[in-house]
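Just so you know, all these numbers are worked out from the coordinates, no wet-lab data involved. All values reported here derive from a predicted model rather than from experimental measurement. Backbone-built Cβ (ideal geometry, glycine too); neighbour counts: all protein chains shown.
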Amino acid sequence: MEHLGRCVYTGILEPEHPTADTDGFRTDVLELTRELGVSTVRYPGGTSLAADTARGMRMVDPDLGLVVCGSSAPTMPTFGEWERVVLTETYDLVDLISAHQYLEDVGDLQEYLAAGHKMESFIRDIVAHADHVKSGKKSAKQVNISFDEWNAWHMSRAESKSPTGTDWPVAPALLEDKYTVADAVAVGDLLITLLRNTDRVHAASLAQLVNVIAPIMTEPGGRGWKQTIFHPFALTSRHAAGTVLQLAVSGDTTADFAALSAAATLDADKGEAVILAVNRSVTDALTLDAAVAGLGSVRVVEALTYANEDPHWQATVEDSTSVLPAQNVSVNAKGGWLTAVLPAMSWSMIRLALDS
């Protein structure tokens with residue numbers, strides 16, 4: 001969250017709203033935030049004086065986790081060299097280096113659905129730069145990644161144009177992207193990518209929470225509603241828990257990247273495994289065949305797929321429920337194998353109970 005557009009004012013804070021609590025916070029937005037499954041909130045800040053500040057903060061609280069600013073995008077001309085310099089100065093004082101990445105549909109929907117593929121490449125590059133500094137310092141410490149800004153953001157559209165002139169309004173409508181089903185699939189794939197890389201990505205923050213490129217939208221003085229990207233985030237947050245499993249994924253490729261993107265988690269205490277999968281193909285359904293014998297005897301508890309014949313469908317305040325994650329009746333678990341048909345441009349979640 002940051003003071004940008006209507007994220008704070010009329011987003012989370014609106015003292016005159018009918019649902020406002022005694023502190024002025026919209027309780028309807030608070031309820032949606034709870035359903036979304038937010039575990040941490042990032043409020044941006046920094047100081048290009050990082051090493052001295054880190055030393056001072058450690059004197060006050062040696063157990064703080066500190067993030068040093070990395071490049072704001074993989075396309076920046078300084079990416080790589082900036083990481084090397086800032087980590088050379090701060091490596092022994094920080095725990096994480098930040099990463100930012102936004103993906104945009106610029107007209108090629110198939111290329112846009114490579115969102116997770118692009119994020120994975122960015123993560124590998126950051127790891128390489130951090131480990132290069134580690135090697136040079138002969139350090140036993142490992143600096144990991146805080147992917148503290150990520151989302152789909154259509155920067156070239158009218159919603160992202162800033163007000164002009166000197167008379168800026170208070171809390172202008174700014175960056176209020178209207179997300180589509182295709183956006184939700186891309187965001188679901190980014191979530192899968194972050195899960196697959198939790199060995200090095202130790203924190204991540206969707207930017208942002210309300211109104212500004214956000215899963216939650218509000219009317220000033222009126223209603224709040226869920227955008228399409230709300231659904232994969234909320235379901236992943238609710239059900240992907242425990243240990244992330246290593247998967248060996250193979251299959252067809254689409255435009256030089258894998259059509260299937262998948263991750264799985266195992267919650268041993270709960271006796272449940274969760275498979276998350278995206279079909280990145282714009283045109284073709286695919287069949288997921290997963291070897292699950294290693295989990296023991298399993299049964300399908302829930303199987304949901306988010307897709308629509310019109311990938312450009314958007315939720316509105318008048319209609320935010322016509323397209324929701326729906327039961328996928330094709331999912332079957334038998335004889336150590338799980339099969340499922342994944343429609344073109346779809347995000348799916350499959351929950352498996354591990355029977356003893």
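Using only the alpha carbons, work out the radius of gyration and Dmax of segment 1-113 in angstrom.
19.0, 52
When each pair of different Cα atoms in segment 27-231 is counted once in the 1/r mean, what is the Kirkwood radius in angstroms, to one decimal?
18.7
Any chance you could check the Cα centroid distance between segment 112-154 and segment 269-310 for me, in angstrom?
27
On alpha-carbon atoms, Rg over Rh for segment 253-319 using Kirkwood Rh?
Over the Cα atoms of segment 253-319, Rg/Rh equals 1.05.
Using the reciprocal of the averaged 1/r over all distinct C-alpha pairs, how large is the Kirkwood radius of the chain in Å?
Across the chain, the inverse of the average 1/r is 21.8 Å.
Quick one: putting +1 on the C-beta of Lys and Arg, -1 on the C-beta of Asp and Glu, what dipole do you get for segment 225-356 around its Cα centre, in Debye to the nearest 20?
320
Given N residues in segment 243-355, what is Rg(Cα) / (2.2 N^0.38 Å)?
With N residues counted in segment 243-355, Rg over 2.2 N^0.38 Å equals 1.13.
I'd like the per residue volume of the convex hull spanned by the Cα atoms of segment 175-320, given in cubic angstrom. Display every interim value, and only then the final one.
Working: hull volume 21.9 nm³, N = 146.
Roughly 150 Å³ of hull volume per residue.
With +1 assigned to the C-beta of every Lys and Arg and -1 to the C-beta of every Asp and Glu, and no other charges, what is the dipole magnitude of the chain about the Cα centre in debye, to the nearest 20?
The dipole of the chain has a size of about 880 debye.
Let's test this: bin the Cα-Cα distances of segment 114-261 at 5 Å from zero up to the farthest pair and state each bin's percent.
2, 8, 14, 17, 17, 14, 11, 8, 5, 3, 1, 0
Pull up all non-local amide H partners of L13: gap of 5 or more, or a different chain, and H-to-H distance under 5 Å with H placed in the peptide plane.
Amide H neighbours of L13, under 5 Å, 5+ apart: R26.
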